[in-house]
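Input: a single structure, listed below in structure tokens.
Readers should treat all values here as calculations from the given coordinates under stated rules, not as data from a laboratory. Just so you know, these numbers come straight off a predicted model, no measurement behind them. In this analysis, Cβ positions are derived from the backbone assuming ideal geometry, glycine residues included, and neighbour counts consider all displayed protein chains.
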Number of protein chains: 2
Amino acid sequence: MTVADLMARTRLSRPAFYQYFSDLHDLIEVLLREVESIMHQTANPWLSGEGEPIAALRESQKGVVQVCLDHGPIFRAVSEAAPLDERLERAWSAFTKRWDDVVEARIKSQQRDGLISKSLNARRIANALNHMDTTLLIAEFGRRPQGDPKAVLDTLHHIWTAALYGGQRAARMPRKSPRKS
Amino acid sequence: MTVADLMARTRLSRPAFYQYFSDLHDLIEVLLREVESIMHQTANPWLSGEGEPIAALRESQKGVVQVCLDHGPIFRAVSEAAPLDERLERAWSAFTKRWDDVVEARIKSQQRDGLISKSLNARRIANALNHMDTTLLIAEFGRRPQGDPKAVLDTLHHIWTAALYGGQRAARMPRKSPRKS
DNA sequence: CTAAGATCGGACGCCGTGTCAGAAAATCGA
DNA sequence: TCGATTTTCTGACACGGCGTCCGATCTTAG
């Protein structure tokens, strides 16, 4: 992807691009900011800590999968371009760090409530699970044709519940089971 | 990283580089091939299916972590450069696919033996766990200073055992327990 | 209709790439 | 030892994308 390629699809010239963005990475950074807020919003059920934890987790994960269905290519662009640009690199790692933060906080909270084993290192587990989510979701939904959202959700949900809550509950067949609190 | 940068560190000129490699991506592809064989070798204990599964899994994961300690920067280079080059992209996805294949095979085998729940989708779980390993290991060991191998191993081991074997066994404190069958 | 401000596009210099033809170095036969 | 042949290296080149000018065009208001 070059600036020329991009602007050829518009009725504007290449230099016009630099009127609005300092370069391609700047554009991507703007797009990232736009989707981040949506992301945190849809993940709210589990992050807020209300209701039955596993059901809430599934709701949140469902939301995350949906956002990636809608904006997967943007995340792919960000993650692929990040290594090439210092500024974008920082923006991307700040994004994932904020995600680690909220997940870590939720885990620690549920550890205090006795819902999650205190022997877990909340930070590292959160980080590892988020790494998994990020790359799997980008791989599945980052380019067309996109993967099967239901199957991806089931897979991620199984691993998260197994890792956090012990795994007995969620290891069931790919059968629809959206519990309520 | 440019070809000029690279060759400046040698006593040869820039064009000499093209005598041995068609371009930078070609070089990276060669490096990838060199580490892949080591990787499969060190992961042999669990993949071969001999001995007690969880202990064998930990041995294999320990090996994988060690290889990444030694060659992490190479994996980082591959994964970051892959999106920029069609050929390298294929090499990298072929690498991860082979990894998915052997893990899937092992899971299915242990499902037949009743060690792992048959309700799991072996392929997708293997794929998700491998995605987690890849990015976490690259993030931790892909650049200096590198992360703490013991902590990373514990984290990955917990999630793998929880996801595959139900999580009751491995959710213990970060205490050393590499036992045999 | 005209002047002021905002926006656009052609053209330029820069840098990294990959590829020549020819120089230098290594190898070898006598 | 010495020239001939093969291998290895180098300086110089064309290409393409980037980011930035200045002059041209369009918009808006009086």
Give me the count of lysine pairs in chain A whose alpha carbons sit under 27 angstrom apart, restricted to pairs 8 or more positions apart or on different chains.
14
Given 25 °C and 0.890 mPa s, how large is the Stokes-Einstein diffusion coefficient of chain B in µm²/s, with Rh as the Kirkwood radius over Cα pairs?
138 µm²/s
Between A:PHE21 and residues 5 or more places away or on another chain, the pairs with built amide H atoms under 5 Å apart involve none
What is the distance in Å between the Cα centres of region B:64-86 and region A:52-127?
23 Å
Given C-alpha coordinates of the protein assembly as shown, what is the ratio Rg to Rh with the Kirkwood estimate of Rh?
0.98
re region A:77-116: pairs of Cα atoms spaced beyond 11 Å account for a percent value of 65 percent
Would you list the membrane-span-like helices of chain B, meaning whole DSSP H runs whose alpha-carbon atoms span at least 15 Å along their axis and whose mean Kyte-Doolittle value is at least -1.0?
B:24-42, B:53-81, B:122-141, B:149-165
For region B:85-139, size of Cβ-based charge dipole, Lys and Arg +1, Asp and Glu -1, in debye:
300 debye
Cleavage-rule hits, trypsin sites (Lys or Arg not before Pro), region A:1-82, DSSP coil, Cβ neighbours within 10 Å at most 10:
A:ARG9, A:ARG11
Can you list residues whose amide H is under 5 Å from B:ASP85's amide H, if they're 5+ apart or on another chain and H is modeled 1.01 Å from N?
none
Would you work out which of B:ALA162, B:VAL30, B:LEU88 lies farthest towards the positive end of the dipole of the protein assembly as shown? Charges go on Cβ: Lys and Arg +1, Asp and Glu -1.
B:ALA162
